[in-house]
Amino acid sequence: MASPNPAAPCRAVLDVGTNSVKLLVGRVAGTAVTPLHERGIQTRLGAGLFASRRLLPDAIARTADAVRTLAAEARTHRPERLRLLATAAAREALNPEDLIAALQSACDATPEIIDGATEAELAFRGVTTHPELAELPLLVSDAGGGSTEFIVGHRRNVSFRQSFPIGAVRLLESLSLPDPPNPDDLDACRQTLDALFASRVIPALAPFLSADTPSSPLSRPSPLRWVAVGGTAVILARLHLALDTFDRDRIESVRLDPATLRSLTERLWAMPVADRRRLPGLPPERADIILTGAALYEAAFRALRLPALQPSTRGLRFAALLDPP
């Protein structure tokens, strides 16, 4: 990775998701972002949300503490702006005002609760900060704790973007899995996901994947590339590589095919959580939701019928830094 230009503006963004709070500090030059500092803290803001539709006080407190900690880290870099975004859990809750008040108290920044379409567009823009991907027809997916976004576009022009209420935390809370899960549990999860993709995702997305559709990027000479952003995609790449450290170049060089992901998913589902916590590349605190995260991408392969998935470490936070103060 190139060294940051000290003259380029330094900006920071905090991303408050359903599962974790993530920080990116970077220098911005045009459409290029050079990271200076990245870190995430799992808070499970969405714990219990999808049953009650309310953010729980303990989850809000954990999230506010993480925001306070990460904002302090960001300010050691003296960014010209600290942006604070919140996604699926915040926009679906009946009590978002409780979260907003806690975040404002924890961090001297105004929280922005972004809608699904904005989240999808930011994910796509973040991926295209990679110079190679900026020139290719892309299908970008961003699977989070509470929602999954799909975006189709080419050269930073988006032809389709939509957020779907399918996420790893949401799905995990609906399953009540034993430890370890049994093969019937995986079959039930697969059936649930296949039904969601068949009823919700594919009817909306399929017309934009067809080479016969005038607005489709597949009508161009270059084939469509599927790029996946977000914690689950990055962890799947790290598990595939048995990579204990974060290495952006190695992670983004991975190409997962359907057979590889199916094998990895079945391996994870056959293990007790204590064994999963010891796997190289899997943060211990994500040892439970990696089950549903892996199954979600496995189902996406079955629905989309694409040959490979390329993980990306760039997404919403990269794009959020590009917007001027």
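The values are calculated or read from the model by the stated rules, or taken from the named source; none is laboratory data. What you are looking at is a predicted structure, and each value in this text was computed from that prediction instead of being measured. Glycine gets a Cβ as well: all are built from the backbone with ideal geometry, and neighbour counts include every protein chain shown. Only protein heavy atoms, including side chains, enter the accessible area calculation; ligands, DNA and RNA are left aside. Shrake-Rupley method; radii C 1.70, N 1.55, O 1.52, S 1.80 Å.
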> If you stretched the chain out fully between Thr245 and Ala72, how much longer would it get, using 0.36 nm times the residue separation minus the C-alpha to C-alpha distance?
Replying inline: 59.9 nm
> If each of Glu80 and Ser210 carries a label point 7 Å out from its Cα toward its Cβ, how far apart are those two points in nm?
Replying inline: 4.6
>> How big is the dipole moment of region 1-148 about its Cα centre under a simple scheme where the beta carbon of each Lys and Arg is +1, that of each Asp and Glu is -1, and everything else is neutral? Debye, nearest 20, please.
In response: 360
> Dipole magnitude of the chain about its Cα centre, charges +1 at Lys/Arg Cβ and -1 at Asp/Glu Cβ only, in debye to the nearest 20?
Replying inline: 620
>> Can you tally the net charge around Leu133? Count Lys and Arg as +1, Asp and Glu as -1, for every other residue whose Cβ sits under 12 Å from the Cβ of Leu133.
In response: +2
> Along each of its three principal axes, how wide is the spread of alpha-carbon positions in region 76-190, in whole angstrom units, largest first?
Replying inline: 51, 42, 28
> Roughly how many Å² is the accessible area per residue of the chain, as a whole number, for a 1.4 Å probe?
Replying inline: 41
> Zone of Asp275 (label point 7 Å along Cα→Cβ, backbone N under 19 Å): which residues in region 173-208?
Replying inline: 177-187
> Mean separation of Cα pairs under 8 Å and 6+ residues apart, divided by the residue count of the chain: what relative contact order is that in percent?
Replying inline: 19
> What percent antiparallel are the DSSP beta bridges of region 2-119, to the nearest 5?
Replying inline: 65
> Could you give the length gained on full extension between Asp257 and Leu94, defined as 0.36 nm per residue of separation minus the Cα-Cα distance, in nm?
Replying inline: 54.7 nm
>> At a 10 angstrom cut-off on C-beta neighbours, averaged per residue, how do the peptides 23-31, 74-82, 137-145 rank from highest to lowest?
In response: 137-145, 23-31, 74-82
>> Given R₀ = 35 Å, what would the calculated FRET efficiency be for Asp194 paired with Glu285, taking r from the Cβ atoms and rounding to 0.05?
In response: 0.80
> Tally Lys and Arg at +1 and Asp and Glu at -1 over the other residues with C-beta under 12 Å from the C-beta of Arg156: what net charge comes out?
Replying inline: 0
> Which percent of the accessible area of the chain is formed by carbon and sulfur heavy atoms (probe 1.4 angstrom)?
Replying inline: 51
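Quick check: residue separation of Leu306 and Asp185 times 0.36 nm, minus the Cα distance between them. What number comes out in nm?
The Leu306-Asp185 span can extend by a further 41.0 nm.
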> How long is region 256-325 along each principal axis, judged by its Cα atoms, biggest number first, in Å?
Replying inline: 48, 31, 17
> Which is farthest toward the positive dipole end of region 67-207 among Ile166, Ile100, Pro178, measuring Cα position about the Cα centre, with Cβ charges +1 (Lys, Arg) and -1 (Asp, Glu)?
Replying inline: Ile100
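Only helical DSSP H runs with n ≥ 4 go in: add -39500 (n - 2.57) per run for the chain, normalise by residue count and round the 222 nm mean residue ellipticity to 500 deg cm²/dmol.
Mean residue ellipticity at 222 nm (helix-derived): -11500 deg cm²/dmol.
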>> For the chain, give me the percentage of DSSP beta bridges that are antiparallel, rounded to the nearest 5 percent.
In response: 65
>> Give me the tail of P(r) for the chain as a percent: Cα-Cα pairs with distance above 36 Å.
In response: 14
> Expressed as a whole number of Å, what is the distance separating the alpha-carbon centroids of region 54-105 and region 194-211?
Replying inline: 33
> If we restrict to alpha carbons, what Rg and Dmax does region 50-104 come to, in Å?
Replying inline: 12.6, 40
